[in-house]
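K.L.:
Here you go, one structure.
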Amino acid sequence: MTADLLVDRISLLLTMEPGTPGARDAPLGALEDAAVAFLDGKVAWIGPAGQGPDAARVLDGRGCVALPGLVDPHTHAVWAGSRADEFQRRLAGASYTEILEAGGGILSTVRQTRAASLRALTALAAARLAGMRARGVTTVEVKSGYGLTPGDERKMLEAARAVTGGPRVVTTFLGAHAVPAELRGRRDAYVAQVIEEQLPACAPWAEAIDVYCDRGAFDLDEAVAILQAGRALGLKVRAHAEQVAYTGIAAAAAALGATCVDHLERLDPAGVAAMAAHGTVAVLLPGAQLYLRDSAPPVAALREAGVPLALGTDLNPGSSPLHDPWTNATLGCLLQGLTVEEALLGMTRAAGQALGHPELGHLGPGAVGDLVLVRSPPGEPPSAAALVQHLGGAQVRAVVQGGRLVAPPGAPGTGRDGQSTDIAIA
Ligand SMILES: [Zn+2]
C-alpha cells in the first residue's frame, strides 16, 4: 500500500477508541510514538512510529498530540449583523428584556439576516467556519433560526451548505427558534407556518430538526408537534432543552428518538433517566452558561446515568459568541465539572454521536480520515491535560480532513509530495 498521507512520529495519539491495540488510558485510547496513515479519505493504518506504509506525503508529529478532527455539534454560525453594542449595554447593567424591548436581542439578528443576500450570508458563514477549521474543527453543525419565514429559513440552510473549503457541514432546521415580530402574540399562527410552510421548504436542506422549547419561546405541546412533523419527513430530532425554565422537553424529545438534547441547565431526574433509557446524548454549551452568567447543568447525574456528554460552542452573535473549541473544553471543565477525558471525548466521539454520525470523532482503521495535530503550550510536554488546562493555549499545527492536509494554508509539505517535513520539530 502507498498511503496518501502519513502522520509519523506522533508523540501522543488519542484515538478515542478504547479498544485500540496497545492503547492505554481508556476511553481516550492513548498511544505514544505512533503513526496514522490515510488512504482514499479514510484511516488506513495505525501503529508504531517508523513502521507505517510508504506515503505520498509525510508529516512529522514529534512534540505533538494528535486527536480525531474536532466535531462541533451545536452552532448558529449563519447570521448577519453585529450585537457588540448589546454586549456593552449588558455590561452596563441592561437586562435582556430591556434590550429586547429596544429592538435588540435575537430579533435584531433576524432583521439583519433577512436583509442579507444568500451570497453575503454564505461569505460570512465561510469566514466563521474557516476560523473554526484552523482551530481543528473538521465537522460542524449549523442551524437556521434567524430567518423565521419559509424563504429566509431556507436561505440560511442554503448558505450553510454553500460553504466550500471548510469543515464538513451538517445542517439543522430551527424555524421554531423565536416568534417573529410580525406574529407577536400569535404563536399558534407561527407554529402552523413552521409545520405547514417552513418545514416542507427546508427539509430538503436539513438533516435534523431542532426546536427552542422554553419560557418565552415554544411550549412543550408545540415543540413536540414540530419535532414530530420533522421526524415524519425523515429528519433527525434534537432540541434546545431545559435552559431558562424546565419544560419537560428533554424527556419528550428523548422518547421521540432524539440523537441529542442541548443546554440542560434545568434538567430534572426524569429527564436524565429518559435520556439514559433512549441513548440520547447531552450536548453541553458552557459558552452560553458563561455569557448568561447561568448555573451548570446536572453533569454528575448525567455521568452517573451513563449519558454521553458532548460539548458544543453554541457559536452565535448574542448568548455565546465563542469560536474556539479548545477554550470551550476548558470552560466545560471549570464551569460544568467535566474531567479532561470527558472534555476531549465531548469534542470528538460524543459530538459525532450527538449528530447521529458515529463514524466521526474517533480514529481506527476504516474511520473517517480527520485528524488534528496540536502542540501543548510552550514548556508543557505533550499531554491531554495540558491541552485543556491552558485557556486557549493549544497550538494547532495541522488539520487533516478526509485524508488530506487542509490547514494551515501553506503548511510545510502541502506542496511538496513525497518529502518529509519539519512541521513539528520537537
Ligand atoms: Zn443554540
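K.L.:
Please state which one of Ala217, Ala255, Ala206 is over 21 Å from Ala276 (Cα atoms) and surrounded by fewer than 24 Cβ atoms within 10 Å (Cβ to Cβ).
P.N.:
The conditions single out Ala217.
K.L.:
Does region 287-339 hold any residues that are within 14 Å of the ligand (Cβ to nearest atom) and at positive phi, and which are they?
P.N.:
Within region 287-339, Asp314 is the sole residue that qualifies.
K.L.:
Tell me yes or no: at least one residue of region 271-283 is within 13 Å of the ligand (Cβ to nearest atom) and either touching a helix residue (DSSP H, G or I) at 6+ places or on another chain (Cβ under 9 Å) or at pLDDT 95 or above (or both).
P.N.:
Yes: one or more hits.
K.L.:
Of these, Phe87, Phe38, which one is open to solvent by 60 Å² or more (accessible area, probe 1.4 Å), among the hydrophobic types (A, V, I, L, M, F, W, C) and either touching a Gly at 6+ places or on another chain (Cβ under 8 Å) or not in a strand (DSSP E or B) (or both)?
P.N.:
Phe87
K.L.:
Based on what the data block shows, is Phe38 under 25 Å from Thr313 (Cβ atoms) and either more than 16 Å from the ligand (Cβ to nearest atom) or hydrophobic (A, V, I, L, M, F, W, C) (or both)?
P.N.:
The answer is no for Phe38.
K.L.:
Would you tally the residues in region 176-203 being in contact (Cβ under 8 Å) with a residue 40 or more places away in the chain and either closer than 30 Å to Ala407 by Cβ or small (Gly, Ala, Ser) (or both)?
P.N.:
Within region 176-203, residues that are in contact (Cβ under 8 Å) with a residue 40 or more places away in the chain and either closer than 30 Å to Ala407 by Cβ or small (Gly, Ala, Ser) (or both) number 4.
K.L.:
Next up: If I filter region 57-72 down to residues being small (Gly, Ala, Ser) and part of a loop (DSSP other than H, G, I, E, B), which single residue comes out as surrounded by the fewest Cβ atoms within 10 Å (Cβ to Cβ)?
P.N.:
If we take residues in region 57-72 being small (Gly, Ala, Ser) and part of a loop (DSSP other than H, G, I, E, B), then Gly63 is surrounded by the fewest Cβ atoms within 10 Å (Cβ to Cβ).
K.L.:
Of the conditions (1) in a strand (DSSP E or B); (2) in contact with a Phe, Trp or Tyr (Cβ under 9 Å, 6 or more places away or on another chain), Val142 satisfies every one except a single condition; which number is it?
P.N.:
(2)
K.L.:
Can you pull out every residue in region 71-97 that is touching a residue at least 12 places away in the same chain (Cβ under 8 Å), under 30 Å from Thr259 (Cβ atoms) and of a type outside the set (Asp, Glu)?
P.N.:
Hits for region 71-97 are Val71, Pro73, His74, Thr75, His76, Ala77, Val78, Trp79, Ala80, Arg83.
K.L.:
Cβ-Cβ distance below 6 Å, separation of 6 or more or different chains: which pairs start in region 3-26 with a residue that is crowded, with 21+ Cβ neighbours inside 10 Å and end on one that is among the basic types (Lys, Arg) and not in a loop (DSSP other than H, G, I, E, B)?
P.N.:
Pairs found: Met16/Arg349.
K.L.:
Quick one: which of Ala239, Ala301 is modelled with pLDDT of 95 or more and assigned to a helix (DSSP H, G or I)?
P.N.:
Being modelled with pLDDT of 95 or more and assigned to a helix (DSSP H, G or I) holds for just one of Ala239, Ala301, which is Ala301.
K.L.:
To continue, here is another question. Output the strands (runs of 3 or more DSSP E) that fall wholly within region 313-417 and possess 1 or more residues being in contact with an Asp or Glu (Cβ under 6 Å, 6 or more places away or on another chain) and not assigned by TED's automatic domain parsing to the domain that holds Lys236, or say none.
P.N.:
Result: 395-401.
K.L.:
Look through region 217-228, keep the residues that are free of Cβ contacts under 8 Å to residues at least 40 places away in the same chain and part of a helix (DSSP H, G or I), and return whichever of them is nearest to the ligand (Cβ to nearest atom).
P.N.:
Here the answer is Leu227.
K.L.:
Taking Asp54 as the residue in question, decide whether it is open to solvent by less than 60 Å² (accessible area, probe 1.4 Å) and either closer than 26 Å to Pro21 by Cα or out of contact with any Leu (no Cβ under 9 Å at 6 or more places or on another chain) (or both).
P.N.:
Here the answer is no, as Asp54 does not meet what is asked.
K.L.:
Is there a residue in region 131-139 that is within 16 Å of the ligand (Cβ to nearest atom), among the hydroxyl-bearing types (Ser, Thr, Tyr) and outside any helix (DSSP H, G or I)?
P.N.:
The answer is no; no qualifying residue exists.
K.L.:
Where the second residue is surrounded by fewer than 22 Cβ atoms within 10 Å (Cβ to Cβ) and charged (D, E, K, R) and the first is part of a helix (DSSP H, G or I) and lies in region 204-216, which pairs have Cβ atoms under 9 Å and are six or more apart or on separate chains?
P.N.:
Pairs that qualify, where the first residue is part of a helix (DSSP H, G or I) and the partner is surrounded by fewer than 22 Cβ atoms within 10 Å (Cβ to Cβ) and charged (D, E, K, R), are Trp205/Glu158; Trp205/Arg161.
K.L.:
From the set of residues in region 261-310 that are of a type in the set (Lys, Arg) and more than 17 Å from Arg349 (Cβ to Cβ), which is least open to solvent (accessible area, probe 1.4 Å)?
P.N.:
The residue in question is Arg266.
K.L.:
Next question, about the same structure. Out of all the residues in region 322-333, which are touching a Ser or Thr at 6+ places or on another chain (Cβ under 9 Å) and surrounded by fewer than 24 Cβ atoms within 10 Å (Cβ to Cβ)?
P.N.:
Answer for region 322-333, where residues must be touching a Ser or Thr at 6+ places or on another chain (Cβ under 9 Å) and surrounded by fewer than 24 Cβ atoms within 10 Å (Cβ to Cβ): Leu322, His323, Asp324, Thr327, Cys333.
The values are calculated or read from the model by the stated rules, or taken from the named source; none is laboratory data. Computed from a prediction, not measured in an experiment: that's the story for all the values here. Every residue, glycine among them, receives a Cβ derived from its backbone with ideal geometry; neighbour counts consider all protein chains shown. Areas reflect the complete protein model, heavy atoms only, side chains present, ligands, DNA and RNA absent. Shrake-Rupley method; radii C 1.70, N 1.55, O 1.52, S 1.80 Å.
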